[in-house]
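See below for the structure under consideration.
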Amino acid sequence: MIKFDFCEIESSLLNKKDEVMQQFNDSEMIGWTRKIDSSIIFDILSVRDEVKKHSSCLVVIGIGGSFLGSYALNQALDSYFSSSSFPIIYAGTSLSSQYMNELLDYLKDVDFSINVISKSGRTMEILITYNLIKELMKKKYSDEELRKRIIITTDSYSGELREEIEKEKYTSFVIPNDIGGRYSVMTPAHLFPLSFNFDISKFIKGYYSGDKYIDDAYLYAVSRRHLFDKGKYIENFCIFENKLYYFTEWLKQLFGETEGKNGRGIFPVSTVYTRDLHSLGQFVQEGNKIIFETFIKVEESDKVLYNGKDLHYMNNIVLDSVRDAHFMGDVFSNLITIKQINEETLGELMYFFMMSSAFSGFLFGVNPFNQPGVEVYKNKVRENLDF
Ligand code: PA5
């Protein structure tokens, strides 16, 4: 159950709801609202079980919408100091030769499998990382072993990774054509890496139950757009639980790539409070008034007593106080409250935010489901690196 408290929703944009819903329903890129086929879940779990039999670690190679969702969920759901989780290493998010060198060095003595994820199958960071790791794997494993250890997730008909699957007969998963990268949490791109340590059936259940928040998702979009019209060009996602850090990274991609087009959109940033109250807090309180905030509150957490008081209760009192203090500095905020951090609530929350970001894109008059700006950089790099 998610609770909402949005500010500034008295707006004529409320009347545009039917039009926005129509645009949404007419879109060809809303495959993420469709129920996932149970045979896909079955395949995910079977491949996971196989990998667990022969590997002691999974390397996930992905960037942007092909990694942020599962990374965010893994970070949010894992214990801070757990040693019992199946080790998952993420790679492909930079061209750091130091990271690559250290990773290859580490993997030399580890029995591992890889999951390469790229919807287009042609993203430079992914192909470079994949080819370097495959080179190492070829020294360690036979061709038959490679077929057990290389799992590729890509679209169904084109791209270099699709060609690789056809040529080498590697195990593969599909990202459907009507689901874009940042909207792909309900596809094997995220469910497979998530399945190693968490119950994906709970995540799936929560995700689809997010459907009941369509009205709230629209209100949130209206609130954000209204604040934008008042000169609030930056949205700061605020969390008081460090393990939601990558969840806010996921949010930044979701809203940034969805709205930031044609010279429009709200620039999304994030802060981890209370840590950042001791750095950026000064700017938020008294600096340029172009920021509004969206707080994510978690109602229940572990019980720790401090002088007879519940520490989590104190954390939430601080959250409420920060909202009040920032309001005194003319910084408006929205509040989104979940009961606990678990597979189900995060599934619901992701669905809610995905809906809302799409509505918001339509309210800004842009296509929420493309990212032509990202392609500009990708093409320039290809040209300059002759890649
Ligand atoms: O949301 C998006 O579509 C992008 O951020 C992509 O996910 C990102 O650029 C990676 O692309 P691909 O999955 O094709 O490698």
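Any of Lys119/Lys167; Lys35/Lys167; Lys148/Lys243; Lys17/Lys261; Lys289/Lys378 with alpha carbons more than 24 Å apart? Name them for me. Before the final figure, lay out each step's value.
On the way: Lys119/Lys167 18 Å; Lys35/Lys167 31 Å; Lys148/Lys243 32 Å; Lys17/Lys261 21 Å; Lys289/Lys378 34 Å.
Lys35/Lys167; Lys148/Lys243; Lys289/Lys378, as the Cα separations exceed 24 Å there.
Whole number please: convex hull volume per residue of the Cα set in the chain, in Å³? Walk me through the numbers before you get to the answer.
Working: hull volume 60.3 nm³, N = 387.
For the chain, the hull spanned by Cα atoms encloses 156 Å³ per residue.
What accessible surface, in Å², does a 1.4 Å probe find on Lys16, ignoring ligands, DNA and RNA and rounding to the nearest 10?
Counting only protein heavy atoms, the figure is 70 Å².
Rounded to the nearest 5, what is the percent of antiparallel bridges among the DSSP beta bridges in region 290-387?
On the way: 2 of 8 bridges.
For region 290-387, the DSSP antiparallel bridge percentage is about 25.
Sequence gap at least 6, Cα distance under 8 Å: using those rules, report the relative contact order of the chain to the nearest whole percent. Intermediate results must be reported in sequence, preceding the final value.
Values: 623 pairs, mean separation 91.2, N = 387.
Relative contact order, the chain: 24 percent.
Compute the orientation-averaged projected area for region 171-316 from the convex hull of its Cα atoms and round it to one decimal in nm². Intermediate values should be presented prior to the final figure.
Values: hull surface 49.0 nm².
Quarter of the Cα hull surface area: 12.3 nm².
For the full complex of protein chains and a 1.4 angstrom probe, list Asp216, Asp330, Asp18 by accessible area with the highest value first. Please report the intermediate quantities before stating the final value.
Values: Asp216 40, Asp330 90, Asp18 125 Å².
Sorted by accessible area, descending: Asp18, Asp330, Asp216.
Provide the solvent-accessible area of Ile88, counting protein heavy atoms only and rolling a 1.4 Å probe, rounded to the nearest 10 Å².
40
What is the spread of the Cα atoms of region 240-383 along each of their three principal axes, largest first, in whole Å?
61, 37, 31
Given labels modelled 7 Å from the Cα in the Cβ direction, how far is it in nm from Lys3 to Met314?
Label-label distance for Lys3 and Met314, simple model: 2.2 nm.
Determine, from the Cβ-Cβ distance of Asp386 and His278 and an R0 of 41 Å, the FRET efficiency 1/(1 + (r/R0)^6), rounded to the nearest 0.05.
Values: r = 46 Å, r/R0 = 1.13.
Efficiency, from the Cβ-Cβ distance: 0.30.
Expressed as an acute angle from 0 to 90° and rounded to the nearest 10, what is the orientation of the C-alpha long axis of helix 245-259 relative to the principal long axis of the chain?
Helix 245-259 and the main axis of the chain meet at about 80 degrees.
At 20 °C and a viscosity of 1.002 mPa s, what translational diffusion coefficient does Stokes-Einstein give for region 129-241, taking Rh as the Kirkwood radius over Cα pairs? Give it in µm²/s as a whole number. The partial results should precede the final answer.
Details: Rh = 17.9 Å.
For the chosen part, D equals 120 µm²/s.
Give me the angle, in degrees from 0 to 90, between the Cα long axis of helix 343-363 and the longest principal axis of the Cα atoms of the chain, rounded to the nearest 10.
Around 70 degrees separate the two axes.
Express the accessible area of region 260-387 per residue in Å², computed with a 1.4 Å probe while the remaining protein chains stay in the model. Mind dumping the intermediate values first?
On the way: 6360 Å² over 128 residues.
Value returned for region 260-387: 50 Å² of accessible area per residue.
Picking from Gly181, Gly281, Gly361, which is most flexible by a Gaussian network model of the chain using Cα springs under 10 Å?
It is Gly281.
Hey, can you find the accessible area per residue of region 31-198 for me, probe 1.4 Å, expressed in square angstrom?
On the way: 7290 Å² over 168 residues.
Result: 43 Å² of accessible area for each residue.
At Arg264 and Asp49, where each label point lies 7 Å from the Cα along Cα→Cβ, what is the point-to-point distance in nanometres?
4.9
Considering only protein heavy atoms and a probe of 1.4 Å, how much of the accessible area of the chain is carbon and sulfur, as a whole percent?
On the way: 8990 of 17610 Å².
The computed percentage sits at 51.
Suppose accessible area is computed on protein heavy atoms with a 1.4 Å probe; arrange Ile175, Ile317 from highest to lowest.
On the way: Ile175 5, Ile317 75 Å².
Ranked from most to least accessible, the order is Ile317, Ile175.
Over region 257-387, what relative contact order in percent results from Cα pairs under 8 Å that are six or more residues apart? Walk me through the numbers before you get to the answer.
Numbers: 105 pairs, mean separation 44.5, N = 131.
Rounded, it is 34 percent for region 257-387.
Over region 31-198, what is the relative contact order in whole percent, taking alpha-carbon pairs under 8 Å and six or more residues apart? Could you put the intermediate results ahead of the total?
Numbers: 250 pairs, mean separation 54.2, N = 168.
It rounds to 32 percent for region 31-198.
Taking Cα atoms, how many degrees apart are the long axis of helix 17-26 and the longest axis of the chain, rounded to 10 and kept between 0 and 90?
10
Which FRET efficiency value, to the nearest 0.05, do you get for Gln98 and Ile234 by plugging their Cβ-Cβ distance into 1/(1 + (r/R0)^6) with R0 = 30 Å?
Numbers: r = 32 Å, r/R0 = 1.08.
Given R0 = 30 Å and the Cβ-Cβ separation, E is 0.40.
Of all beta bridges DSSP finds with both residues in the chain, what is the antiparallel percent, to the nearest 5?
Values: 5 of 40 bridges.
In the chain, approximately 10 percent of DSSP beta bridges are antiparallel ones.
What does the convex hull of the Cα atoms come to per residue for region 31-198, in Å³? Please report the intermediate quantities before stating the final value.
Numbers: hull volume 19.0 nm³, N = 168.
Convex hull of Cα atoms, per residue: 113 Å³.
For Leu277, Leu363, what's the largest-to-smallest order of accessible area, 1.4 Å probe?
Leu277, Leu363
I'd like the accessible area for Arg275, computed on protein heavy atoms only with a 1.4 Å probe and all protein chains in place. Round to 10 Å², please.
For Arg275, the solvent-accessible surface is approximately 140 Å².
The values are calculated or read from the model by the stated rules, or taken from the named source; none is laboratory data. What you see is a predicted model, and the numbers here were worked out from it, not measured in a lab. Cβ atoms come from the backbone with ideal geometry, glycine included; neighbour counts cover every protein chain shown. These area figures cover heavy atoms from the full protein model, side chains too; ligands, DNA and RNA do not enter into them. Shrake-Rupley method; radii C 1.70, N 1.55, O 1.52, S 1.80 Å.
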